[in-house]
Amino acid sequence: MSEHTNKQFDADLQRIRTELLQMGGLVESMIQNSMDALATGDMTLVEQVKGREKEVNRLEVEIDDLVTTLLARHQPAAIDLRTLLAVTKMLTDMERSGDEADKIASMARRIHEDDRRFIPVIELRHMANSVVTMMRQVMDAFARHDSVLAASVVRSDKEVDKEWKSALRNLITYMIEDPRTISRAIDLLFIARSMERIGDHCKNMAERVIYMVHGADVRHKGVKMAERLVRGEEVPTPEDGDDSGRDDTSKD
């Protein structure tokens, strides 16, 4: 490529990175605001989430078009190609995370507008803080090409899964003990499920960052495998009999 073409490619790639980070910031604020709306009943926060969801959708289309154009015009190689391929996959997870935050906001509005106030007391704030932190960290990992931080996000998803299962058990108990809580408990169940899904999307994006940095696909191979890779340790092949992909129930 000529010097001019190189400069244009670098500028376009930087725009893609910047807009993806902007998209991540919007989704992070949507998650936070939707949970604040649930806690406080502030419907202005719900409207903010709705407005940002439209902006997230716009950015998804815009970034996708930019990536397609860059791939067609420049045929990048190595790290630049992996970055663009990672972005195309991360866009989907980011947009779906925004959809889940929008669902939480809608559920919060329904809960607070309903006259039936039998709402089970269940702590979802810690789970919300966990997924907000995961979103922030995966964006930081992408911006800094920090695969170690990305691997920590993959591990964090295991804790969010545990909190989801705990919330599920507690809500089922409430519904059994007091039938008046069934309607609201189901709403809270959907909210907890949405947060668990956001955690899954953050994990997916973190795995894409690891691919971007190392050129290795760690999907479905377990968090221990990802951690070994980013630490620069030798990663056993399946033929070696390694069980890294089967550590989903591990306490490590």
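Every read-out reported here was derived from the displayed coordinates using simple, explicitly stated rules and does not represent laboratory data. The structure presented is a predicted model; accordingly, all values stated were derived computationally and were not measured. Backbone-built Cβ (ideal geometry, glycine too); neighbour counts: all protein chains shown.
Rounded to the nearest 500 deg cm²/dmol, what is the calculated helix-only ellipticity per residue at 222 nm for the chain, with -39500 (n - 2.57) per DSSP H run of length n ≥ 4?
That calculation yields -28000 deg cm²/dmol at 222 nm.
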Partners for LYS7 among aspartates and glutamates (Cα-Cα distance below 17 Å; same-chain residues under 8 apart left out)
ASP80
Given points 7 Å out from each Cα along the Cα-Cβ axis, report the GLU159 to ILE186 separation in nanometres with one decimal.
3.3
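Kindly rank 135-144, 100-109, 216-225 from highest to lowest mean number of other beta carbons found within 10 Å of each residue.
Values: 135-144: 20.7, 100-109: 23.6, 216-225: 17.7.
Order by mean packing, descending: 100-109, 135-144, 216-225.
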Working from Cα positions, state the angle (0 to 90°, nearest 10) between the long axis of helix 125-144 and the longest principal axis of the chain.
10
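With 18 Å as the limit, write out which pairs from LYS89/LYS224; LYS50/LYS165; LYS203/LYS224; LYS54/LYS103 have Cα-Cα distances beyond it, or answer none. Walk me through the numbers before you get to the answer.
Values: LYS89/LYS224 22 Å; LYS50/LYS165 28 Å; LYS203/LYS224 14 Å; LYS54/LYS103 13 Å.
Where the Cα-Cα span goes over 18 Å, the pairs concerned are LYS89/LYS224; LYS50/LYS165.
Mind checking the dipole of the stretch 92-219: about its Cα centre, +1 per Lys or Arg Cβ, -1 per Asp or Glu Cβ, Debye to the nearest 20? Working shown, then result.
Values: 21 positive and 22 negative charges, 35 e Å.
For this selection, approximately 160 debye.
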Inter-label distance, nm, simple model (7 Å from Cα along the C-beta direction), GLU123/GLU233:
3.2
How tilted is helix 43-74 with respect to the longest principal axis of the chain? Cα atoms for both, answer in degrees (0 to 90, nearest 10).
20
